[in-house]
There are 2 protein chains.
Amino acid sequence: MTPKQHKFLAETAETDPFVVVDLDIVEHNYRELKRLLPLARVFYAIKANPEPAIVGRLQKLGSNFDTASIGEINLCLAQGASPDRISFGNTIKKKTDIASAYAKGVRLFAFDSEIELEKLAAAAPGAQVFCRVLMECDGAEWPLSKKFGCSPRMASDLLVKARRMGLDPYGISFHVGSQQTDLGQWDKAVAQVAQMFSVLQEADVDLRMVNLGGGFPARYRSDVPMLEAYAQAITQAMTSHFGNNLPEIIIEPGRGLVGDAGVIQAEVVLISKKDYEDDRRWVYLDIGKFSGLAETMDEAIKYRFVTPRDGGPTGPVSLAGPSCDSADILYEKADYQLPLGLEVGDKILILSAGAYTTTYSSVGFNGFPPLKSYCI
Amino acid sequence: MTPKQHKFLAETAETDPFVVVDLDIVEHNYRELKRLLPLARVFYAIKANPEPAIVGRLQKLGSNFDTASIGEINLCLAQGASPDRISFGNTIKKKTDIASAYAKGVRLFAFDSEIELEKLAAAAPGAQVFCRVLMECDGAEWPLSKKFGCSPRMASDLLVKARRMGLDPYGISFHVGSQQTDLGQWDKAVAQVAQMFSVLQEADVDLRMVNLGGGFPARYRSDVPMLEAYAQAITQAMTSHFGNNLPEIIIEPGRGLVGDAGVIQAEVVLISKKDYEDDRRWVYLDIGKFSGLAETMDEAIKYRFVTPRDGGPTGPVSLAGPSCDSADILYEKADYQLPLGLEVGDKILILSAGAYTTTYSSVGFNGFPPLKSYCI
């Protein structure tokens, strides 16, 4: 937490749960990424936190933007980003949305299938396109699956076809998984991509870009390798497989830019036991899975908590949200401990909560308002 | 689907996904429940679908309301429900919210712990309170867990204590699980509750109410016992364990009133394969887990789909939403089949989608708007 956040928390009269994002931390994270990966173009993955103030700050710093929808594209444009700094990175797009983005000047599009390529050829003639390739991704906390990408050989065929359709086959993207902590995964993936570059060169298709996706970590409960180690692994993988002939590199950090920048303040609503012999307390907060903490799904993301009673003896707890929904449990299996002195009404801080909290909030499940957000 | 819904779907120019709820079906479901369980007071569980038009229609029919928050209480009052028809059924409440509900005239409150009881005694003096008891619930599609309720012996102690604190120990509630299809579960649970009534009578506490919760089904992909069978099981369980001395019965249907009343219209955005040999297609819709279909979590609720190509040959599909989130997969393991003739742009109808769809929608994940809703 930063002094600015401390001050905000000390002075606020807000009683509903909220997240407060320190924009200076976002800026710091951006500058660090640029320093450690000077060759990479940064495309902020807006979906992680679409607060206009965050987009605006990153825009002023020169960031590019990875967008998932027309809504996000409009947000970037409204914050002053020129369309050449916007990638329409969703592989699943309505043709009308492609046409709308193209009309606004967007010229960089993702795809992973033949039908999407046909839509792009029709609605975004001549645009730069990159194909998402399906990679295995062990070691990521938030699991990826087969939803995105196609096999490398299919991708190669589609890139050849893209040129035939009048598009500009620009490069290849992949994603090793959010919170990816196994650095060897990067090497494995880049090796495959370099191989595809060679194959396509023989077909006279000159790819010029590798999109490494996201996967940059925020600090949750478990330690993660430092950003330096990530940057080094990426740089090593790229230079070892591409040599002197480095393509343009795109990275799409979301969590890595905003995760650590946000702190949630919540309140303990109830502490109870289910029976006399239980040594485990149930601690209910005024924030839950449907009002900001969706990433606790399957207890995937393990947040760190700060309470006003820290330092005293602790005991095991299950943590849950305030809604009348039995799925609204944050942690039941993860072995969380909280102070025995914890009381109803205590404020609880949830650290590294700047990413994927506000946006996953429901519109008002159980009549509770969505997570409020402050950028300072 | 009803003729009214058919007509609406035929005439609408809406391109975003939406749900259309036929209020006459809600009314029909309400009347059916009243007919089959004439002794029960119906408390609509607003969280299932808080559209004002639904609350308004049920209010006019004389329904009572089970609410989870001050927001939901205000909604009921705004629709003309008097406070004596409102239950604050959430066992997790801020003291300020209890006081606020009490000030508005609400006099019926749920609890399941000592601390909550203390809050109620302080902020809602003299109110009727009922204790939620922890029941096992095999056979429910949407799993319940230990989040709500306490052990029967703890509940008994707390009800005795409630009277000592100046509250009115009114009854016991339990929930056998949403979509509960094992009718024997009802009998098991009611037996336990009747036993508690006897024990408490010896302590001079006269309970007068049993709250059977929800668990009434909507029709998804698998067949469910008809409402008649549910009503019969409940009636049998109550009469066999309480005899002539039947307490007041409260039921809290949510899904059972509105689930079947809603149809979602969505659109096929993309159809693809991940490699040449795959026989499985990926079908991507413009609605997903974060924009209305949250209950596909762990593939729990299996919706029925209607396409304009039904009748032709089908093949296996994985179904996913439009967001750049790999968790936004609807069905990958459930063996869904869709027509081989299905095409991008086809409208898809999702049946029995009137419950837990609009409310679980995110405020705008990936820049997509929340699920739109029409009540006709």
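Here are the numbers:
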| read-out | value |
| --- | --- |
| Calculated on alpha-carbon atoms, Rg and Dmax of chain B in Å | 22.2, 74 |
| For chain A: relative contact order, % (alpha-carbon pairs under 8 angstrom, 6 or more apart) | 20 percent |
| Angle in degrees between helix B:114-123 and the longest Cα principal axis of chain B, rounded to the nearest 10 | 80 degrees |
| Most to least packed among B:33-39, A:365-371, B:192-198 [average Cβ atoms within 10 Å] | A:365-371, B:192-198, B:33-39 |
| Furthest towards positive pole of dipole, B:268, A:197, A:297, structure part the protein assembly as shown, Cβ charges | B:268 |
| Inter-copy spacing of residue B:345 label points, which lie 7 Å from Cα along Cα→Cβ, given in nm from shortest upward | 6.3 |
| C-alpha long axis of helix B:227-242 to longest principal axis of chain B, angle in ° | 20 degrees |
| Average accessible surface area per residue within chain B, 1.4 Å rolling probe, Å² | 35 Å² |
| Derived scalar couplings ³J(HN,Hα) [the stretch A:153-164; Karplus, 6.51 cos²θ - 1.76 cosθ + 1.60; whole Hz; x for Gly, Pro] | 5, 5, 4, 4, 4, 5, 5, 5, 5, 4, 5, 4 |
| Packing-based ranking, highest mean first, of B:346-358, A:200-212 given that Cβ atoms within 10 Å are counted | B:346-358, A:200-212 |
| Top of B:47, B:289, B:60 by mean-square fluctuation, Gaussian network on chain B, Cα under 10 Å | B:60 |
| Lys, Arg +1 and Asp, Glu -1 on Cβ, resulting dipole of chain A about Cα centre, debye, nearest 20 | 1020 debye |
| The stretch B:263-291-the stretch A:151-168 distance, computed between alpha-carbon centres (Å) | 21 Å |
| Ascending list, in nanometres, of distances separating the residue B:376 label from those of the other copies (7 Å, Cα toward Cβ) | 5.0 |
| Cα centroid separation, the stretch B:5-33 to the stretch A:1-70 (Å) | 42 Å |
| Cα-centre dipole for the stretch A:260-375 with unit charges at Cβ (Lys and Arg positive, Asp and Glu negative), debye to 20 | 240 debye |
| Peptide-level mean, for B:289-296, of C-beta atoms on other protein chains within 10 Å | 2 |
| Reachable lysines, given that their alpha-carbon falls under 18 Å from the alpha-carbon of residue A:34 and they are not under 8 places away in the same chain | A:60 |
| Number of partner chain Cβ atoms within 10 Å, mean per residue of B:91-98 | 5 |
| Ascending list, in nanometres, of distances separating the residue A:188 label from those of the other copies (7 Å, Cα toward Cβ) | 4.3 |
| For the stretch A:260-375: relative contact order, % (alpha-carbon pairs under 8 angstrom, 6 or more apart) | 37 percent |
| Helix-derived mean residue ellipticity, 222 nm - over chain B, DSSP H n ≥ 4, -39500 (n - 2.57), to 500 | -9000 deg cm²/dmol |
| Furthest towards positive pole of dipole, B:25, A:232, A:70, structure part the protein assembly as shown, Cβ charges | A:70 |
| Reach of residue B:274 by Cα under 20 Å, taken over lysines that are not fewer than 8 positions away in the same chain | A:93, A:94, A:119, A:146, A:147, A:161, A:188, B:333 |
| Nitroxide proxy distance, nm - points 7 Å out along Cα→Cβ at residue A:228 and residue B:226 | 7.3 nm |
| Cα-centred dipole magnitude for the protein assembly as shown, charges only on beta-carbon of K, R (+1) and D, E (-1), debye, nearest 20 | 1200 debye |
| Sequence-distant residues sharing a close amide H with residue B:286 (under 5 Å, placed H) | B:267, B:269 |
| Selection from A:109, A:42, A:54, by position along the positive dipole direction of chain A (Cβ) | A:109 |
| For the stretch B:301-376: span of alpha carbons on each principal axis (Å, largest first) | 38, 34, 24 |
| Distant alpha-carbon pairs in the protein assembly as shown (separation over 41 angstrom), percent | 34 percent |
| Highest-fluctuation residue, A:159, A:270, A:285 considered, GNM on chain A with Cα pairs under 10 Å | A:270 |
| Built amide H within the under 5 Å cut-off of residue B:18, gap 5+ | B:265 |
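The values are calculated or read from the model by the stated rules, or taken from the named source; none is laboratory data. Everything numeric in this text was worked out from a predicted model, so none of it was measured. Don't worry about glycine lacking a Cβ; one is built from the backbone with ideal geometry, like all the others, and counts go over all protein chains shown. To get the accessible areas, we keep the full protein, side chains included, count just its heavy atoms, and leave off ligands, DNA and RNA. Shrake-Rupley method; radii C 1.70, N 1.55, O 1.52, S 1.80 Å.
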